[in-house]
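Following: one structure in structure tokens, then a few remarks.
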Amino acid sequence: MPGTSSSLHLFADVLARVHAVCRALAVDAGWPEGIDFSRVVVEPPRDASHGDMATNAAMVLAKDARAKPRDLAEAIAARLRADPLVEKVDVAGPGFINLTLKIAAWTDALRTVLREGEAFGRAASGANAKVNVEYVSANPTGPMHVGHCRGAVFGDALAGLLDFAGHDVTREYYINDAGAQVDVLGRSAFLRYREALGEDIGAIPEGLYPGDYLKPVGQALAAEHGDKLKSMSEAQWLPIARAKAIAMMMEMIRGDLAALNIRHGVFFSERSLIETGNNKVAETIDFLKAKGDIYEGRLPPPKGAPAEDWEDREQTLFRSTEFGDDLDRPLKKSDGSYTYFASDIAYHRTKIERGFRSLIDVWGADHGGYIKRMQAAVAALSDRAAELDVKVIQLVKLLRAGQPVTMSKRAGEFVTLRDVVDEVGRDAVRFMMLFRKNDAVLEFDLAKVIEHSRDNPVFYVQYGHARGQSIFRNARAVFPDLPEDIASLAQEAQLERLSDPAELALMRNIALYPRVIEGAAAAHEPHRIAFYLFDLASEFHALYTLGNASPYLRFIIQNDRQMTVARLVLVQGVVTVLASGLELLGVGAPSEMR
């Protein structure tokens, strides 16, 4: 059997050992060549009483081995029992294999955490592949609201997670600065411009943006142009007012995002697709037409409720049904202008031209019906070489002590992101926005997220990190000669003394971190990290509490320096992983709670 590899973390190491056993058995028993061993996995059993790890090897290889799963499981188990890392192997049911590892496996994994420090859990599974994560992309028509907040945090955490898993990540924001909504913004800004010049503008007309946030735009236009814009026609002043409003709104949005510690690497202008001398939309339509993916035709009438994009006329259609969509999609409106879909196709083509084959878009829940057509477009544009994963972000219900929060007066119609961050802090906002799966509605209670209790997950996880640091400070007061260097501490530690079931359970959970990272990155689900951190912190707090009733389980034993050192190494393992996971989520890891 292979020795423990320093380049593999424990779950990956055990998986490599199981693969090695299966391959050796395949050679010895003369199995057919070309068997796909990647189907063999190692994972924690659903029931912890069944052991430390379980493998499906016999179940997925039985057909290739021309054997009954149970018989094959016994043959694999017999070889695994000879592995020096394995304490016990059991075959269960039709052929599941449960493994119990020796305590040394877990103490070695703990030493790995201390040796690798902040690099623990960092993976190479991404193979430096380029991935584009586009998120937020809010219309630049006002400040960001709490609904944008969840998508912003999700996208940023996902980008950080993919980077940690070894991908080459680009964080991108698509500025919707073309179309009717920014013309409305320009007219709204012009109204505020007239107000800044001293006019009484009365009530804001229906159809214009009413928020006070546009007053500074009007003042800026007045300071820059005086009253000159008033003598111009709308065709002349609208581009000026629109450009100034968009620029100032984007500055506001960047500030809102910075309050959440979110900074995009690329801001891509929709208007640039049609205003740079090369009409990228027309060019993309021609490209797809040459491939036979666009045709002139009529759409059949929809069954049931009328479809918003159905018109009984000859029109330019994209063959999206050839790429998995339910319906071919129009690319031009009846007035000859391009649909939003046409612009979106052109935009996604720029991503493919920039070398991305993995594209992730983070969208609001109201865009769910748009997913299939966009995935079809990416498949057509790349000859199926690129893949688009759309992550839908459900609504946020903002509460205070269980009651709905009233709307922001400054914004006119909604609660701003900045209002929420200013009230409860960045850490609470970021963690709680990730403490539920992205496609489930989230209730965010402003009162609960500042409570100092187990019912407040962000506090409980941060308190875990702070409690670990406090234990170290207290231990140094009792044992002033403890080495400052963590590596020296680990070298001195007699980790075999950590034999209580609660200590072993905590070590197992710490060792799980690299696997959680890889699984969360592969599934594009950063909420898994938040869930894991809460579980780890909960186990740590529970072990601390056990020490109150059972003094021999306390982290600091005044008359037993060696036991104290061993438990400090365990504490450092918890602290290292909590700090790493919190950083991935963009949340602080405080040394003390105040």
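The values are calculated or read from the model by the stated rules, or taken from the named source; none is laboratory data. Note that this is a predicted model, so its numbers are computed, not measured. All Cβ positions, glycine included, derive from the backbone under ideal geometry; neighbour counts span all protein chains shown. Just the protein is used for accessible areas: all its heavy atoms, side chains included, with ligands, DNA and RNA removed. Shrake-Rupley method; radii C 1.70, N 1.55, O 1.52, S 1.80 Å.
Kindly write out, for the stretch 380-391 in residue order, the coupling ³J(HN,Hα) from the Karplus curve 6.51 cos²θ - 1.76 cosθ + 1.60 (θ = phi - 60°), rounded to whole Hz, with x marking Gly and Pro.
5, 4, 10, 6, 6, 7, 9, 10, 10, 10, 9, 9
Determine which aspartates and glutamates satisfy two conditions relative to LYS88: a Cα distance under 14 Å, and not lying fewer than 8 residues away in the same chain.
ASP52, GLU74
When we measure straight from the Cα of LYS130, which lysines land under 22 angstrom away, once same-chain ones fewer than 8 places off are left out?
Within the straight-line limit of under 22 Å, LYS130 reaches these lysines: LYS351, LYS391.
Based on the Cβ-Cβ distance of ASP312 and ALA365, what FRET efficiency does E = 1/(1 + (r/R0)^6) give at R0 = 41 Å, to the nearest 0.05? Spell out each step's value before the answer.
Details: r = 30 Å, r/R0 = 0.74.
After rounding, the FRET efficiency stands at 0.85.
By its C-alpha gyration tensor, with a ≥ b ≥ c as the square roots of the eigenvalues, how is the chain shaped: rounded for a/c under 1.5, else prolate for a/b larger than b/c, else oblate?
oblate
Which number do you get for Rg(Cα) / (2.2 N^0.38 Å) in the stretch 153-234?
Working: Rg = 19.3 Å, N = 82, 2.2 N^0.38 = 11.7 Å.
Output field value: 1.64.
In square nanometres, what is one fourth of the surface area of the convex hull spanned by the alpha carbons of the stretch 1-134? Don't skip to the answer; put the middle values down first.
Numbers: hull surface 41.7 nm².
The orientation-averaged projected area of the Cα hull of the stretch 1-134 comes to 10.4 nm².
Please report, to two decimal places, log10 I(q)/I(0) for the stretch 412-477 at q = 0.14, 0.15 Å⁻¹ as given by the Debye formula with identical point scatterers on the Cα atoms and no solvent.
Rounded to two decimals, the profile gives -0.52, -0.58.
Out of every Cα pair in the stretch 132-278, what percent are spaced more than 23 Å from each other? Each step should come with its number before you reach the end.
Numbers: 4591 of 10731 pairs.
Roughly 43 percent, once rounded to a whole number.
For the stretch 510-525, what does the Karplus curve 6.51 cos²θ - 1.76 cosθ + 1.60, with θ = phi - 60°, yield as ³J(HN,Hα) per residue in whole Hz, taken in order and with x for Gly and Pro?
My calculation for the stretch 510-525 gives 4, 5, 6, 3, x, 5, 4, 4, 5, x, 5, 5, 5, 8, 6, 10 Hz in order.
Please work out the FRET efficiency for the pair ALA243 and GLU592, using the Cβ-Cβ distance as r and a Förster radius of 56 Å; give the result to the nearest 0.05. Could the numbers behind the result be given before it?
Working: r = 48 Å, r/R0 = 0.87.
E(calc), rounded to 0.05, equals 0.70.
Name the residues whose placed amide hydrogens come within less than 5 Å of the amide hydrogen of PHE267, ignoring near sequence neighbours (fewer than 5 apart) on the same chain.
Residues meeting the amide H criterion: TYR173.
Please list, or write none, the lysines whose alpha carbon is within less than 16 Å of the alpha carbon of LYS228, excluding same-chain residues fewer than 8 places away.
Counting by Cα, and skipping residues close in sequence, LYS228 has these lysines nearby: LYS244.
For the stretch 357-430, what does the alpha-carbon gyration tensor say about shape, rounded, prolate or oblate, given a ≥ b ≥ c as the root eigenvalues, a/c under 1.5 as rounded, and a/b over b/c as prolate?
On the way: a/c = 3.39, a/b = 2.63, b/c = 1.29.
Since a/c reaches 1.5 and a/b is larger than b/c, the shape of the stretch 357-430 is classed as prolate.
Report the label-to-label distance for ARG81 and TYR295 in nanometres (one decimal), using points 7 Å from each Cα along the Cα→Cβ vector.
For the pair ARG81/TYR295, the computed spacing is 6.5 nm.
What Kirkwood Rh does the stretch 537-584 have if only Cα atoms enter the pairwise 1/r average? Answer in Å.
Roughly 11.5 Å, rounded to one decimal.
Return the long-range amide H neighbours of GLU87 (sequence gap of 5 or more, or a different chain), with a cut-off of under 5 Å between placed amide H atoms.
When sequence neighbours closer than 5 places are left aside, the close amide H contacts are THR100, LEU101, LYS102.
What whole number of Å gives the distance from the Cα centroid of the stretch 498-516 to the Cα centroid of the stretch 445-496?
16 Å
Would you mind checking which residues have amide H under 5 Å from ASP389's amide H? H placed 1.01 Å from N; only 5 or more apart, or other chain.
LEU359, ILE360, ASP361
Using the basic label-point model (7 angstrom from Cα toward the beta carbon), what is the ALA258 to ALA29 distance in nanometres?
In this crude label model, ALA258 to ALA29 measures out at 6.3 nm.
Give, in nm to one decimal, the length gained when the segment between SER38 and ALA119 is fully stretched (0.36 nm per residue of separation minus the Cα-Cα distance). Display every interim value, and only then the final one.
On the way: separation 81, 0.36 × 81 = 29.16 nm, distance 2.60 nm.
Computed gain between SER38 and ALA119 is 26.6 nm.
Whole percent per 10 Å bin, from 0 to the bin with the longest distance: what is P(r) over all C-alpha pairs of the stretch 206-344?
Per 10 Å bin, starting at zero, the Cα-Cα P(r) for the stretch 206-344 comes out as 9, 25, 25, 25, 14, 2 percent.
What order, most packed first, do the peptides 195-203, 455-463, 116-124, 396-404 have when packing is the mean number of other Cβ atoms within 10 Å of each residue? Write down the numbers at each step before the final one.
Numbers: 195-203: 11.6, 455-463: 21.6, 116-124: 15.1, 396-404: 13.6.
Those peptides, ordered most packed to least, come out 455-463, 116-124, 396-404, 195-203.
Sort out for me the Cα centre separation of the stretch 158-191 from the stretch 525-576, rounded to whole Å.
The distance from the Cα centre of the stretch 158-191 to that of the stretch 525-576 comes to 42 Å.
Given the pairs LYS280/LYS372; LYS289/LYS372; LYS332/LYS397; LYS291/LYS332; LYS291/LYS333; LYS68/LYS102, which span a C-alpha to C-alpha distance of over 27 angstrom in this model? Show your work: numbers first, answer last.
On the way: LYS280/LYS372 22 Å; LYS289/LYS372 20 Å; LYS332/LYS397 37 Å; LYS291/LYS332 18 Å; LYS291/LYS333 22 Å; LYS68/LYS102 29 Å.
With Cα atoms farther than 27 Å apart: LYS332/LYS397; LYS68/LYS102.
What is the distance in Å between the Cα centroid of the stretch 229-295 and that of the stretch 81-129?
If you average the Cα positions of each part, the centres end up 50 Å apart.
Using θ = phi - 60° and the Karplus curve 6.51 cos²θ - 1.76 cosθ + 1.60, what whole-Hz ³J(HN,Hα) does each residue of the stretch 437-448 get, with Gly and Pro shown as x?
3J(HN,Hα) across the stretch 437-448, in whole Hz: 4, 4, 8, 10, 4, 10, 9, 10, 9, 4, 7, 5.
For the residue pair ALA129 and HIS50, what label-to-label distance in nm results when each label sits 7 Å from Cα along the Cα-to-beta-carbon direction?
3.0 nm
Where Rh denotes the Kirkwood radius from the mean inverse Cα pair distance, what is Rg over Rh for the stretch 279-430? Before the final figure, lay out each step's value.
Numbers: Rg = 19.8 Å, Rh = 18.1 Å.
Radius of gyration relative to Kirkwood radius: 1.09.
Would you please give the FRET efficiency between ARG66 and ALA522, computed as 1/(1 + (r/R0)^6) with r the Cβ-Cβ distance and R0 = 30 Å, to the nearest 0.05? Intermediate values should be presented prior to the final figure.
Values: r = 32 Å, r/R0 = 1.06.
The pair ARG66/ALA522 has a calculated efficiency of 0.40.
Ratio of Rg to Rh for the stretch 12-80, alpha carbon only, Kirkwood?
Values: Rg = 11.8 Å, Rh = 12.3 Å.
With Rg and the Kirkwood Rh in hand, the quotient comes to 0.95.
Just from the alpha-carbon atoms, what are the Rg and Dmax of the stretch 369-478 in angstroms?
Calculated on Cα positions, Rg and Dmax stand at 20.5, 67 Å.
Could you state the angle between the C-alpha long axis of helix 234-259 and the longest principal axis of the C-alpha atoms of the chain, as a value from 0 to 90 degrees rounded to the nearest 10?
For helix 234-259, the angle is close to 20 degrees.
Keeping every protein chain in place, order MET593, MET250 by accessible area at 1.4 Å, biggest value first, i.e. largest first. Each step should come with its number before you reach the end.
Working: MET593 60, MET250 10 Å².
The most accessible residue leads, giving MET593, MET250.
Compute for the stretch 507-569: radius of gyration divided by Kirkwood radius, i.e. Rg/Rh, restricted to C-alpha atoms, rounded to two decimals.
Expressed as Rg/Rh, it is 1.14.
Taking a 1.4 Å probe, which of MET563, MET374 shows the most accessible area, and what order do the others take after it? Write out the running numbers ahead of the final one.
Numbers: MET563 25, MET374 0 Å².
Output order, biggest surface exposure first: MET563, MET374.
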